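What follows is a short report on a single structure.
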Amino acid sequence: MNLWSKVDQYLSDGIVKPDAALEAALEESDKAGLPAISVSATHGKLLWVLAKLVNAKRILEVGTLGGYSTIWMGRALPKDGRLISLELLPKHAEVARANLKRAGLEKIAEVRVGKALDLLPQLEGPFDLSFIDADKSNNPEYFSWALKLSRPGALIVVDNVVREGRVIDAKSRDVNVLGVRRLNEMIAAEPRVSATAIQTVGSKGYDGFAVALVLS
Ligand code: SAH
Ligand code: DHB
Ligand code: MG
């Protein structure tokens, strides 16, 4: 194990403390053959902290996978809070629903199946927090929708905006890199948000996430 994975383990065990339902969600996702691309525990806990900070009552997620990040954010919601998570693949949604049920979040968190771009127009805002973590090529469109559905003071978090540094390759033809670069340009030019992006190393390698504060 490389050093940053060991440190991630140390931080997870020490201060993050994922609960049994979170651990089970990862195990069950693995058993079901889902890819191991959930956020790390440290990032999941950050999503929880951010949701608490904005006093989130309504959360939007694009890209559910097995519901690991969904559980982290759902845990920050009050009993009458609501989280809607969009997932393309029925198999992922099924695993996520079972994981959410085990976490006691079945009344708070709903997984909707389909292409996010087909589902987003059916949603009603406003959301207090949006987490974008699906196919990276559509990041700009997801960001536009999240912005449209946000209240002033809301946060929009986008995962995987560094991609081992490939994001700075202006000549890249990788659709994922192109999606992230278009997203960054869009955030930079958007007067309704003020944003930053943080590079990260950890159990998921070298990547990063963007956080945009919706101003108006
Ligand atoms: N947020 C999750 C990880 C999501 S992985 C976590 O951290 O635990 C990305 C997910 O996005 C995958 O499950 C994938 O099936 C889904 N996805 C890919 N393309 C999509 C699309 N067009 N619409 C909705 N979901 C999509
Ligand atoms: C991939 C997707 C993710 O959301 C992630 O956090 C890591 C990797 C991927 O598609 O490879
Ligand atoms: Mg991700």
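Given 10 °C and 1.306 mPa s, how large is the Stokes-Einstein diffusion coefficient of region 57-117 in µm²/s, with Rh as the Kirkwood radius over Cα pairs? In µm²/s, the coefficient rounds to 145. If both residues of a DSSP beta bridge must be in region 86-215, then about 70% of such bridges are antiparallel.
When a/c reaches 1.5 or more, the comparison of a/b and b/c decides; with that in mind, is the chain rounded, prolate or oblate per its Cα gyration tensor? It is rounded, given that a/c, with a ≥ b ≥ c, falls under 1.5. Helices of the chain meeting both criteria, an alpha-carbon length of 20 angstrom or more along the long axis and an average Kyte-Doolittle score not below -0.5, with helices taken as full DSSP H segments, are 175-189. Relative to one another, the C-alpha centroids of region 65-127 and region 22-58 are positioned 11 Å apart.
Kindly identify region 1-46 as rounded, prolate or oblate by the Cα gyration tensor criterion: order the square roots of the eigenvalues as a ≥ b ≥ c, call it rounded if a/c is under 1.5, otherwise compare a/b with b/c, prolate if a/b is larger, else oblate. Judged from the Cα gyration tensor, region 1-46 comes out oblate (a/c at least 1.5, b/c at or above a/b). For region 1-119, a/c is not less than 1.5, where a ≥ b ≥ c are the root eigenvalues of the C-alpha gyration tensor, and a/b does not top b/c. That puts it in the oblate class. Once every DSSP H run of n ≥ 4 in the chain is given -39500 (n - 2.57) and the sum is divided by its residues, what mean residue ellipticity at 222 nm do you get, rounded to the nearest 500 deg cm²/dmol? The helix-only estimate for the chain comes to -11500 deg cm²/dmol at 222 nm.
Using the structure shown, select from K79/K107; K45/K136; K101/K136; K79/K101 the pairs with a Cα to Cα distance greater than 18 angstrom. Listed pairs above 18 Å: K45/K136; K101/K136.
Result for the chain in a Gaussian network model with C-alpha springs under 10 Å: among W145, W48, W72, the largest mean-square fluctuation is at W145.
Read-outs: derived from the displayed coordinates by stated rules, not from any lab. As the structure is a computational prediction, the values presented were derived from the model and not from experiment.
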